[in-house]
Amino acid sequence: MATCGAKSEVLDEKDDPGAAPYGNFINYYTFNPPENRLSLIPTTLIQDLGYGIDSSETILMLDVGCNSGDLTVALYRHLQPRVLSEDSTTPPDSDLQLLGFDLDETLILRAQQTNPFPQNISFIPLDITEDAASQTQLQDYLRQHGGFRFHLSLCLAVTMWVHLNHGDAALLGLLSRLASVSQHLLLEAQPWKCYRSAARRLRKLGRSDFDHFKELKIRGDVAEQASEHLEKHCGMALMQCFGSTSWDRRLLLFRRRETIDLHLSQ
Ligand SMILES: C[S@@+](CC[C@H](N)C(=O)[O-])C[C@H]1O[C@@H](n2cnc3c(N)ncnc32)[C@H](O)[C@@H]1O
């Protein structure tokens, strides 16, 4: 598997985000501004993946655990073929449609209220671990937009929260679910040291450890194990690593292996 260099993570006290059991921090983007990830993602990503060449094609994107939508909207602007300035509310020319969801309804309300492109970006409350509900809602969105899968799904800084709160099976289930609805998947899995910090922050508040923390069998290099699951069990192939954020997190891009690849590897 391709890997990329990692800088060590040193967080000052002022960067301490406080405790939020699902990572549903209300001020997440004040300590992890969108630029941290945007600077690693090429603006031409959609075209590089071979989409948007035929202008009549609708490109569908999914943002899992979008928090208050700041990164979602910034990415939407970032990936437009034509540059959209930060304060632009003019609808873009291209037909890029994006669905962002989060389990925190207050964050989603904020995302909806500040959404500059309601024609193109939708925000809905949804818990990805609720299998039936999430299956139905994602399929409904795809159907409404005439798609079978999302062209590009983003799962950024969410895996640890599903893993800590629901255990190993839920983490693998999340990856399998995303692989099944995505042509391409951009994954940022938190490294193990973040798990320890998250548990420590909750303990400081007098809360008990996350239910599954001590029993997790997937530990250590979580990104590596997530990649292995996607590649061995979900028909995905790692295409590229866009580098590491200053928080020592790799941004990994996967693509669905086409039938022809599957035959060749057998
Ligand atoms: C650390 S924030 C990351 C936000 C955004 N993806 C980013 O990278 O900027 C994690 C988000 O995942 C959401 N989340 C955690 N578990 C979830 C679940 N089971 N279903 C949907 N969202 C979830 C949290 O509410 C939180 O807003």
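FYI, it's all coordinate maths here, none of it is from the lab. Quantities reported herein were computed from a predicted structural model and do not represent experimental measurements. Methodologically, a virtual Cβ is constructed for each residue, glycine included, from the backbone with ideal geometry; neighbour enumeration extends over all protein chains shown.
Selection over the range 243-252 of residues that are part of a strand (DSSP E or B) and buried (at least 19 other Cβ atoms within 10 Å of the Cβ) gives a count of 4.
When each of S153, S180, S122 is tested for being among the polar types (S, T, N, Q) and more than 15 Å from D63 (Cβ to Cβ), the lone residue that passes is S180.
One residue stands out in the range 136-183 among those that are assigned to a strand (DSSP E or B) and of a type in the set (A, V, I, L, M, F, W, C): the one that is surrounded by the most Cβ atoms within 10 Å (Cβ to Cβ), namely L154. Among the residues of the range 160-168, is any away from the ligand (no atom under 12 Å from the Cβ), acidic (D, E) and within 21 Å of L216 (Cα to Cα)? Looking for residues that are away from the ligand (no atom under 12 Å from the Cβ), acidic (D, E) and within 21 Å of L216 (Cα to Cα), one finds at least one in the range 160-168, hence yes.
Would you pick out the residues in the range 41-72 that are away from the ligand (no atom under 16 Å from the Cβ), assigned to a loop (DSSP other than H, G, I, E, B) and surrounded by 16 or more Cβ atoms within 10 Å (Cβ to Cβ)? Scanning the range 41-72 gives L49, Y51, G52. Scanning the range 185-208 for residues that are in contact with a Ser or Thr (Cβ under 7 Å, 6 or more places away or on another chain) and either more than 13 Å from the ligand (Cβ to nearest atom) or free of Cβ contacts under 8 Å to residues at least 12 places away in the same chain (or both) gives a single hit, L185. Within the range 90-146, being of a type in the set (D, E, K, R) and within 15 Å of the ligand (Cβ to nearest atom) holds for D102, D104, E105, R110, D127, E130, D131.
The residues of the range 208-218 that are assigned to a loop (DSSP other than H, G, I, E, B) and surrounded by 14 or more Cβ atoms within 10 Å (Cβ to Cβ), listed by number, are F210, H212, L216, I218.
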